[in-house]
Amino acid sequence: MSEFVQTRIANRTGVITLDRPKALNSLSLAMVRDLAAILGAWRIDAAIDAVVIGSSSDKALCAGGDIRFFHDCGHATPMGGSALLEDFFTEEYALNHLIHFYPKPYIALMDGVVMGGGMGIAQGGPECRIRIVTEKTKMAMPEVNIGLFPDVGGSYFLARAPGQLGQYLGLTGLTIGAADALYAGLADLFVPQARMAELKELIDATPGAGLRAAIAAFAAPFAVDAGASTLQAQRDGIDRHFGAASVAAIMASLEGDDGEFAHKALAAMRQRSPLMMCVTRELLLRGAALDVAGCLRMERGVVRHNFEHGEVLEGVRALVIDKDNAPRWNPASLDQVDAPMIERFFAPVWPAAAHPLRHLD
């Protein structure tokens, strides 16, 4: 195990604690491997009836993948051909698949920052998931901000958000809180942060087989405390704007809306990678027709093309390395993005029989 992933067993519940607080629990390759090994072993362990994943800090469950690692590996060989980079995404997406189909209750304590790769380790499938948010939850799929796209299964779970909410979240990369996460179907229960210590005590005291019911009962009185959903209030406008036929049409629609919500969405999109917004829109459209394994295999090919193109390397440089917040996107403007550019991101990288995620079902 790496130093950043801790485990213990309490009352037939396996508890995973991410402990890399200075990096907001950003996932390294070693952490991905630890999680896969732990969950793989507990999956078939008759002494484990449920799994909980949380953090040693209330600031974040997980802020995503370690983007400094992406940048360093991406520059290790021409245009991102690092073996470690390849391993990271293959193994991370396989972990996301394992979590989605986990055969036991999988409880994610989504307190604080939960973004990108953090969403991937929190979004269990409908048969296993118990996703708990607090008033301090800051949730996003912000990948377009660094020239990437909503991966870790985002093409699956964003595509299945109500109406055009997935397109809104994917194209703007903006952060939402507890009420919006619940409305978008990205969380299940609300617990005030001040009661999280009590919830953790309940988890330790309750046999794993009874944990789902116990947590639901504990959270029930707090359901009204999550507050009103902005996404729900803005739903009609979101569906109208983000249901347009292209990213350019979406932005034109937003330009015609005088509301503050539309203005904020448009301002965000003007800062994002034009190419990756277009790729993201297409990714979510395709993801709506694919199963989980199909979405992850699609994402695996798109991420390879992305690093070969170099957009994410430039985004990370601007945001994290040089911190000039002035990415030189390629192409620089939306009107320079054409259909063949977008289509190239979805071209097969491997024969089906050689795809690194070919074994997922």
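The values are calculated or read from the model by the stated rules, or taken from the named source; none is laboratory data. Everything numeric here is computed off the predicted structure, so don't read it as measured data. Cβ atoms come from the backbone with ideal geometry, glycine included; neighbour counts cover every protein chain shown. Each accessible area value is taken on the protein alone, full model and side chains, heavy atoms only, with ligands, DNA and RNA left out. Shrake-Rupley method; radii C 1.70, N 1.55, O 1.52, S 1.80 Å.
For ALA47 and ALA220, compute 0.36 nm times the residue count separating them, minus their Cα-Cα distance, and round to one decimal in nm.
Roughly 59.4 nm would be gained on extension.
Ranked from highest to lowest mean number of other Cβ atoms within 10 Å per residue, what is the order of the peptides 165-175, 114-124?
Descending packing order for the listed peptides: 114-124, 165-175.
Would you please put 313-319, 238-244 in order of how densely packed they are, using the mean number of other Cβ atoms within 10 angstrom per residue and starting with the highest?
313-319, 238-244
Can you give the Kirkwood hydrodynamic radius of the range 175-315 from its Cα pairs, in Å with one decimal?
Hydrodynamic radius (Kirkwood, Cα pairs) of the range 175-315 is 18.5 Å.
Would you mind calculating the relative contact order of the range 249-361 from Cα pairs under 8 angstrom and at least 6 residues apart, reporting the percent as a whole number?
Reported relative contact order: 30 percent.
How far, in nm, would the chain grow between GLN271 and LEU84 when pulled straight, counting 0.36 nm per residue and subtracting the alpha carbon separation?
Extra length from GLN271 to LEU84 when fully extended: 64.4 nm.
Give the Debye-formula value of log10 I(q)/I(0) at each listed q (0.13, 0.16, 0.19 Å⁻¹), with one equal scatterer per alpha carbon of the range 9-133, two decimals each.
Each listed q maps to, in turn, -0.51, -0.75, -1.01.
So what's the back-of-envelope 222 nm ellipticity for the chain, counting only DSSP H runs of four-plus at -39500 (n - 2.57) apiece and dividing by all residues, rounded to 500?
After summing the helix terms and dividing by residue count, I get -12500 deg cm²/dmol.
How many nm separate the modelled label positions at ALA23 and GLU127, each set 7 Å beyond the Cα in the direction of the Cβ?
3.3
Which whole-number percent gives the relative contact order of the range 178-263, counting Cα pairs below 8 Å spaced six or more residues apart?
Relative contact order of the range 178-263: 30 percent.
Can you work out the FRET efficiency for the pair ALA209 and THR175, with r the C-beta to C-beta distance and R0 = 56 Å, to the nearest 0.05?
E between ALA209 and THR175, to the nearest 0.05, is 0.95.
Subtract the Cα-Cα distance of ALA245 and GLU198 from 0.36 nm times their separation in residues, and report this length gain in nm to one decimal.
Residue separation times 0.36 nm, minus the Cα-Cα distance, leaves 12.1 nm.
Taking R0 as 41 Å, what's the FRET efficiency between ASP324 and TRP350 from their Cβ-Cβ distance, rounded to 0.05?
0.70
What distance in nm lies between label points placed 7 Å from Cα along the C-beta direction at ASP291 and ILE9?
Computed distance between label sites ASP291 and ILE9 equals 3.2 nm.
Quick one: compute the contact order of the chain, relative version, from alpha carbon pairs under 8 angstrom and 6+ residues apart, as a percent.
Here the relative contact order equals 17 percent.
For the pairs LYS22/LYS264; LYS264/LYS323; LYS59/LYS104, flag any whose C-alpha to C-alpha distance is greater than 25 Å.
Beyond 25 Å: LYS22/LYS264; LYS59/LYS104.
Can you put GLU201, GLU135 in order of accessible area, largest first, using a 1.4 Å probe?
Ranked from most to least accessible, the order is GLU201, GLU135.
Any chance you could look up the accessible area of TYR102 with a 1.4 Å probe, heavy atoms only, rounded to 10 Å²?
About 10 Å², ignoring ligands and nucleic acids.
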